[in-house]
Amino acid sequence: MERNYYSLPKLTEKEEVLEVLKNGTYEEIMILPLSLGEFFPDWKFAQNTCLKLAEHEDPAIRANAILGLAYIARNKRILEKKLVKPVILRNLKENTDYQWRIQDAIDDIAIFLKWKIVNV
């Protein structure tokens, strides 16, 4: 499989994010949580969008949503533990195809926010 790497789009306006959620291609939705975690100025909006994407039907998008949360933890040093932790743990348990990516995200969140998140 050939892999192509591109820079993440720098989305900084809520309207841009909502447009991607409504009309974006699979690829745009797939990288949206990463872009949010890396660039979006409003951490809470970014967090809540990642939590919404963590419920997506596609397991790869769900895994990227969890990774997006880790990016927020790294860049903003904040997440709402009571909202985020249950979603992360559920995805770790249920999203078996991407457990490795979710575990990497958990490890990063533990480092940057000093959370103790139990591994499976």
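The values are calculated or read from the model by the stated rules, or taken from the named source; none is laboratory data. Keep in mind the model is a prediction, meaning the values are calculated, not measured. Note: ideal-geometry Cβ built from the backbone for every residue, glycine included; neighbour counts use all protein chains shown. Each accessible area value is taken on the protein alone, full model and side chains, heavy atoms only, with ligands, DNA and RNA left out. Shrake-Rupley method; radii C 1.70, N 1.55, O 1.52, S 1.80 Å.
For K85, the aspartates and glutamates whose Cα falls under 18 Å of its own Cα, not counting residues fewer than eight places away in the same chain, are E55, E94, D104, D107, D108. Phi angles across segment 62-77 convert, under the Karplus curve 6.51 cos²θ - 1.76 cosθ + 1.60 with θ = phi - 60°, into 3J(HN,Hα) values of 4, 5, 5, 4, 5, 5, x, 4, 5, 4, 4, 4, 5, 8, 10, 6 Hz, Gly and Pro given as x. For W115 and K10, the difference between the fully extended length at 0.36 nm per residue and the C-alpha to C-alpha distance is 35.0 nm. Here is how the number arises for the chain: DSSP H runs of 4 or more residues each give -39500 (n - 2.57), the sum is divided by the residue count, and the result at 222 nm is -22000 deg cm²/dmol.
A 1.4 Å probe run over the chain, with the rest of the protein chains in place, finds 60 Å² accessible per residue. Residues in segment 21-34 carry Karplus couplings, in order, of 4, 7, 10, x, 6, 4, 4, 5, 5, 4, 9, 3, x, 5 Hz; the curve used is 6.51 cos²θ - 1.76 cosθ + 1.60 with θ = phi - 60°, and Gly or Pro positions show x.
The peptide list 69-79, 8-18, put in order of mean Cβ contacts within 10 Å with the highest first, becomes 69-79, 8-18.
Ordered by packing density, taken as the mean number of other Cβ atoms within 10 Å over each peptide's residues, highest first, how do 59-67, 81-89, 19-27, 103-111 rank?
On the way: 59-67: 22.4, 81-89: 15.7, 19-27: 11.6, 103-111: 17.9.
Peptide ranking by packing, descending: 59-67, 103-111, 81-89, 19-27.
Considering only protein heavy atoms and a probe of 1.4 Å, how much of the accessible area of the chain is carbon and sulfur, as a whole percent? All intermediate terms of the calculation are to be shown ahead of the outcome.
On the way: 3730 of 7160 Å².
Carbon and sulfur atoms account for 52 percent of the accessible area of the chain.
The stretch between D97 and L18 holds 25.7 nm of extra length on full extension. This uses 0.36 nm per residue minus the Cα-Cα distance.
Distance check, please: which entries in K22/K44; K14/K44; K22/K52; K44/K81 exceed 18 angstrom between their Cα atoms? The partial results should precede the final answer.
Working: K22/K44 20 Å; K14/K44 12 Å; K22/K52 13 Å; K44/K81 12 Å.
K22/K44, as the Cα separations exceed 18 Å there.
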